[in-house]
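Below is one structure, written out as structure tokens, with a few remarks after it.
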Amino acid sequence: MIEKRNVSIDIIKAFTILLVIIGHSIQYGCGTEYLESNAFFQNFLFRYIYSFHMPLFAMISGYLFYYTISKRNFKKVIINRLQRLLIPIMSWQVILCIWTAVMNFVKFGELNFLSTILSYKDVIHNMWFLWSMLGLSLVTAFVHYVLKDKIWVYIIVFIISPFLPFIGKFIWLYPFFVGAYLFAKYREKLASLIKTAKKPYSIAVFIAIHFILVLLWKNDYYIYVPPGLGFTVYGQENYLDFTIALVYRTFAGAIGSIAVILTIDAIVKLANLQNINKIVSMLSRYSLGIYVFSVHILNEVVSWLIPGKGFNLLIVLIIALAQVVISLIVMFIIDKIKILRKLLLGGR
């Protein structure tokens, strides 16, 4: 579907981070009432984005992780994951904790850093996607080096995952990350299938199926509302509803992600793109930092400053564009300072 470190990957990463920003602009940029009433859950564009954007990120991560793991030993992979993910996660957590204290002062006139630090409970929740990528990387590395990438091991882990407590959204992203990882490993053996999937009629089928899935989407299928929360059988009142939601969102995430990957790859080849725009390159390269900065810092400012009285596509796009520009400027500055690049972007 996509070539190792080719133009398509950077465009897909850039497109996906744009979807993240637009999705959160819908959520936080349409006014307090729109946000607090969860009206955004009914928005079609929001449904479309949230049906696949995080699974697509997980697939990209899993696909690229194969090339990370194929040229390093176990120890170097662990070090790589700690440098690329754990250090940025913890560094951003410190910043978010301070940011929370500052915003509490701005909103409520209260400034107590110690109290904020002691009561800060969003260490995992705020960074759930990055924590998931770190966990999935380590699990995959263990299976790769110790258990020799046995397919049956991945299947067993997937089957028992819903019965394990405290794994949160890990189970939801597991099939996307591992599936893309295995795809990268066995892509030569899947050559005929890939060739068929790249045909225009195949792409059209994926797009059509995903569109129908979004049309039929229910609030229960979101990962943010029951029965989605938890992703394990523990605490579920209706196991059938839980199973349906888990299967539906997984299928929709896979179909939507594949549709986007195939479409972008086809456009790249049709236009014979050899290089990408600098902005696209920056969006791809800084995707981790942009994700944290826009979602957890800029969105709070947006919800505080933008009065908004319901969904307005033009306003949403303007807010999203402003977030993209501000995020890129901040990430560019961070990238120029070596210590900040290591701490916040996982760079060398």
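The values are calculated or read from the model by the stated rules, or taken from the named source; none is laboratory data. Since we're looking at a predicted model, the values are computed, not measured. As a convention, Cβ positions derive from the backbone with ideal geometry for all residues, glycine included, and neighbour counts pool all protein chains shown.
(1) modelled with pLDDT of 85 or more; (2) surrounded by fewer than 19 Cβ atoms within 10 Å (Cβ to Cβ); (3) not aromatic (Phe, Trp, Tyr): which one isn't true of Ile255, the others all being true?
(2)
Would you mind listing the helices (runs of 4 or more DSSP H) fully within the range 158-219 where at least 3 residues are hydroxyl-bearing (Ser, Thr, Tyr) and touching a residue at least 12 places away in the same chain (Cβ under 8 Å)?
none
Check whether at least one residue in the range 286-302 is within 30 Å of Thr32 (Cβ to Cβ) and among the acidic types (Asp, Glu), and report yes or no.
yes
Taking the range 23-43 as the search range and keeping residues that are of a type in the set (A, V, I, L, M, F, W, C) and within 22 Å of Trp172 (Cα to Cα), which one is surrounded by the most Cβ atoms within 10 Å (Cβ to Cβ)?
Restricting attention to the range 23-43, the residues satisfying the condition of being of a type in the set (A, V, I, L, M, F, W, C) are 26, 30, 35, 39-41.
Next cut, within 22 Å of Trp172 (Cα to Cα) only: 40-41.
On the way: Phe40: 20, Phe41: 16.
Per the criteria, the residue is Phe40.
Tyr34 versus (1) under 28 Å from Val325 (Cα atoms); (2) free of Cβ contacts under 8 Å to residues at least 24 places away in the same chain; (3) hydroxyl-bearing (Ser, Thr, Tyr): which is the lone unmet condition?
Only one criterion in (1) under 28 Å from Val325 (Cα atoms); (2) free of Cβ contacts under 8 Å to residues at least 24 places away in the same chain; (3) hydroxyl-bearing (Ser, Thr, Tyr) is unmet by Tyr34, namely (2).
Looking at (1) at pLDDT 95 or above; (2) within 19 Å of Tyr248 (Cα to Cα), which one does Pro175 not meet, given that it meets all the others?
It fails just one condition, (1).
Kindly check whether there is at least one residue in the range 262-269 that is farther than 30 Å from Thr196 by Cα, at pLDDT 90 or above and crowded, with 18+ Cβ neighbours inside 10 Å.
Going through the range 262-269, the residues farther than 30 Å from Thr196 by Cα turn out to be none.
No, the conditions are met nowhere in the range 262-269.
Residue-by-condition table, conditions (1) among the polar types (S, T, N, Q); (2) more than 23 Å from Ile326 (Cα to Cα); (3) surrounded by 19 or more Cβ atoms within 10 Å (Cβ to Cβ):
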position	(1), (2), (3)
Ala14	no, no, yes
Tyr66	no, yes, yes
Phe74	no, yes, no
Met90	no, no, no
